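Structure record follows, encoded as structure tokens.
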Amino acid sequence: MGTALIYDEEMTKYKLLWVDPACKIEVPERLTVSHEALVKNGLADRCISIPVREATDAEILLAHSEEYLEAVKKTPHMSLEDLKEFTLQYGDVYFHPNIYHCAKLAAGAALQLVDGVMTGKVRNGMALVRPPGHHSMRSAANGFCVFNNVAIAARYAKQKYGVKRVLIVDWDVHHGQGVQYSFEDDPSVLYFSWHRYEHQQFWPQLRESDYDSVGKEKGAGFNINVPWNKVGMENSDYLSVFCHLLLPVAYEFCPDLVLVCAGFDSAIGDPEGEMCASPDIFAHLTHLLMNLAGGKLCAVLEGGYNLTSLAQSVCQTVQTLLGDPVPRPAKLSGPCKSALESLQCVRSAHRQYWSCLRHAADLPTSDISTKRLKLTEEGENAEKKEEGEQSTQDQVWPEPPERMAPPVRCALVLPDDVACPHGCRRFSCSDDLDPLVVSKLRESFLKDSDDSDSLTALSSLISLTEKMEENEICSGLALVRDVTVAMACVIQHLATALSNRLLVVCVGDCEVPSPIGEDGRTLVVQIGSQETNDQKSKYYIPVCLKEGCRDTSGFIQAVFGLVLPLGYEYDPSLVLLVRMPGSGVCDSVWQQLTVLLQGFAQGHTLVLMQEDEKACVGPTASSLLWDPAPPLGQLQAPLPEDVEGVERLRQKLQAEWKLLQTTAAPEAGGGDEH
Ligand code: Q9C
Ligand code: ZN
């Protein structure tokens, strides 16, 4: 199952015909440079191209009023003067004789994408469209948008395919107020948006873009706004919000379909957003979302006005949808104070609606929540950027490194009687393994016994890690006699042989080989049920859950609240995922974890499992091949003990691990000013 790309040159055939400083950034080249970059990088060729079509009147009416549609219908026949006049009744938008045609194609493209994904023709996809959609309202064009492509697509999916729950993630730097209005009282559509807000000083300057607009009536809790009150937000700020807010809520919601308002004006260099996240952050945002809903993700272009940044970001998104390994994230220094204030406010506003947020801290006691009002009283933007600061337009940033998929996607070390799953390569020790290494293995791990099968398995394992290190193999799986021995063996080998960083994620209770050095070359995170009070080292983190890995909600809470942020901050070059016998983790949870961990170390994940868990080889291998993991179902509330336990641990560790912070309280270590 592939990735759809929907694009038609026709949508470049309208432009601003008069002088309007507010609209001059919305140019046809936005689409051509994006598409050309996909072609140049060989990505367009790897996608399944689906033609656009015009949305029908009935489809447009799913999100718009008849009067508005009829009014827009007249625009192709208007004179320049009439178009100008017509435009005046709306905010920050322009009309052109061909824009109605393009707007029908843009909405139709989103619907074609939904059709492709819902019928199983493709797994996921992206539609490159103009005009964008998320600002347009039931009866009004706004912010370069004519029809609300994504809102129409969500209604269409519900109507045509009986989709019960749709998640809309709006990572554009502007608030998609049109989408918010469209689903405000609808609990079947969860709308998430982060946006430049600056205490209501930034366009569209709406009171209802703030964190306390949570949805209305039955839809209360299903509208999530993250206002950015400063410019210059970075990768860490975006990832913090994903780990500590969006992902836990999204997994609790359990959508049947994910739609992304994929605007790239939230990336570095954009004149509108003035943010500092690098284009490769979109690889991570995409990766983190693409295992919800069984992988059914449709990304629809919204904004993005720096042509270089836009094209790079589009490529990162599409390449991730295609399943290429994600790049190691750059410069994760931890969230800034302002981002933490926003995160704290949103988590607190939503804690009554989502059980994963039930333990969230109170609103900040400082004047943050009232700051907006004070600013309004002053009538002045009190937080103007300091003079002399570099303007974001002439920011420079490195081109994202080329993402090389290794020749072998997944290699397995298996006993002879276990079949190798489809799409994987059976791996056995190559002869070029240093005999010294082999004798050392025998000495340290087999107590000089003559168990030649075990020696071969361990040698193969070491040789596999080396091939992963050389980027010849992406991921691996080994079925071994004793996972504890195999784990110790890999940890020791990597600590002596390489200068790299190893993240060990241990599922179930296990004896972690000590000592885990203080040198930071290995970080061990263990999720089990045994109470372990001694935290041996900064780099050994035991997470204790009452039911161990049996309780899905508790486990997921630990994954998003601890494992992912720790992993991002640690930035390993290899991930070792160890499944202890009797861990109790169910297949679908295990698969989710396996896929999520591939966001680190360019997808270099090595899984260790014990011989008698043969039945799990197939599902694990399929996750290592990036097949979408099965949805977990709507999650119940985690056990209160677990919620508290995870929270206590997070609080204890946040002084040393900045990405674990969820509040801006100074005693919690605070965040750095950007
Ligand atoms: N300084 C989208 O990104 N305001 N729309 C322009 C110029 C309007 C953005 C002000 C921004 C609209 C889809
Ligand atoms: Zn935008």
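Looking at segment 72-82, is at least one residue over 34 Å from the mean Cα position of the chain (by Cα) and closer than 21 Å to V179 by Cβ? Scanning segment 72-82 turns up at least one residue that is over 34 Å from the mean Cα position of the chain (by Cα) and closer than 21 Å to V179 by Cβ. D270 is checked against (1) within 16 Å of ligand 2 (Cβ to nearest atom); (2) part of a helix (DSSP H, G or I); (3) of a type in the set (D, E, K, R) and fails just one. What number does that condition carry? Only one criterion is unmet by D270, namely (2).
Would you be able to say whether some residue in segment 655-673 is assigned by TED's automatic domain parsing to the domain that holds V490, of a type in the set (F, W, Y) and surrounded by fewer than 23 Cβ atoms within 10 Å (Cβ to Cβ)? No; the residues of segment 655-673 include none that is assigned by TED's automatic domain parsing to the domain that holds V490, of a type in the set (F, W, Y) and surrounded by fewer than 23 Cβ atoms within 10 Å (Cβ to Cβ). Taking the criterion of being small (G, A, S), more than 16 Å from L412 (Cα to Cα), modelled with pLDDT under 95 and in a helix (DSSP H, G or I), would at least one residue in segment 462-470 satisfy it? Scanning segment 462-470 turns up no residue that is small (G, A, S), more than 16 Å from L412 (Cα to Cα), modelled with pLDDT under 95 and in a helix (DSSP H, G or I). Would you confirm whether or not segment 210-228 contains a residue that is away from ligand 2 (no atom under 15 Å from the Cβ), assigned to a helix (DSSP H, G or I) and surrounded by 24 or more Cβ atoms within 10 Å (Cβ to Cβ)? Checked segment 210-228: no residue is away from ligand 2 (no atom under 15 Å from the Cβ), assigned to a helix (DSSP H, G or I) and surrounded by 24 or more Cβ atoms within 10 Å (Cβ to Cβ). Inside segment 477-510, residues that are in contact with a Phe, Trp or Tyr (Cβ under 9 Å, 6 or more places away or on another chain) and without any contact (Cβ under 8 Å) to a residue 40 or more places away in the chain make up a count of 0. Of all residues in segment 425-446, one or more are buried (at least 22 other Cβ atoms within 10 Å of the Cβ), in a loop (DSSP other than H, G, I, E, B) and within 36 Å of the chain's Cα centre (by Cα). Here D186 meets each of (1) in a loop (DSSP other than H, G, I, E, B); (2) within 16 Å of ligand 2 (Cβ to nearest atom); (3) in contact with a helix residue (DSSP H, G or I) (Cβ under 8 Å, 6 or more places away or on another chain) with one exception, condition (2).
Of all residues in segment 26-35, exactly one satisfies the criterion of being crowded, with 18+ Cβ neighbours inside 10 Å and assigned to a loop (DSSP other than H, G, I, E, B), namely E26. When the residues of segment 296-321 are filtered to those that are hydrophobic (A, V, I, L, M, F, W, C) and over 18 Å from I168 (Cβ atoms), which remaining residue is nearest to ligand 1 (Cβ to nearest atom)? Among those that are hydrophobic (A, V, I, L, M, F, W, C) and over 18 Å from I168 (Cβ atoms), it is L310. Scan segment 398-414 for residues that are in a loop (DSSP other than H, G, I, E, B) and either touching an Asp or Glu at 6+ places or on another chain (Cβ under 7 Å) or among the acidic types (D, E) (or both) and the total you get is 7. Are there any pairs, at least 6 apart or on different chains, whose C-beta atoms fall under 9 Å, with the first in segment 67-92 and over 21 Å from E26 (Cβ atoms) and the second within 16 Å of ligand 1 (Cβ to nearest atom) and among the aromatic types (F, W, Y), and if so, which? Once the first residue is over 21 Å from E26 (Cβ atoms) and sits in segment 67-92, its partners that are within 16 Å of ligand 1 (Cβ to nearest atom) and among the aromatic types (F, W, Y) give L69/F147. For segment 79-98, the tally of residues that are touching a Lys or Arg at 6+ places or on another chain (Cβ under 9 Å) and surrounded by 15 or more Cβ atoms within 10 Å (Cβ to Cβ) stands at 5. Of all residues in segment 266-277, those that are under 16 Å from Y197 (Cα atoms) and of a type in the set (A, V, I, L, M, F, W, C) have Cβ atoms under 6 Å from Cβ atoms of residues that are at pLDDT 95 or above and more than 15 Å from ligand 1 (Cβ to nearest atom), 6 or more apart or on another chain, in A267/A277; A267/P279; M275/M233; C276/G232; C276/E234; C276/I268. Considering each residue of segment 530-538 in turn, none proves to be buried (at least 19 other Cβ atoms within 10 Å of the Cβ) and either farther than 20 Å from V643 by Cα or not hydrophobic (A, V, I, L, M, F, W, C) (or both). Filtering segment 319-369 down to residues that are at pLDDT 95 or above and basic (K, R), which residue is nearest to the chain's Cα centre (by Cα)? Only one residue tops the list, namely R347. Residues in segment 249-285 that are within 13 Å of ligand 1 (Cβ to nearest atom) and among the acidic types (D, E): D265, D270, E272, E274. Restricting the search to strands (runs of 3 or more DSSP E) fully inside segment 518-599 and requiring at least 1 residues that are touching a Pro at 6+ places or on another chain (Cβ under 6 Å) gives 522-528.
Check segment 55-62 and report whether any residue there is surrounded by fewer than 22 Cβ atoms within 10 Å (Cβ to Cβ), under 16 Å from V179 (Cβ atoms) and in contact (Cβ under 8 Å) with a residue 12 or more places away in the chain. Yes, segment 55-62 has at least one match.
Restrict the check to segment 456-472 and report whether at least one residue is under 23 Å from L564 (Cα atoms) and surrounded by 18 or more Cβ atoms within 10 Å (Cβ to Cβ). Yes: one or more hits.
The values are calculated or read from the model by the stated rules, or taken from the named source; none is laboratory data. A quick note: this is a predicted structure, and the numbers were derived from the prediction, not measured. Ideal geometry is used to build each Cβ from the backbone, glycine not excepted, and the neighbour counts take in all protein chains shown.
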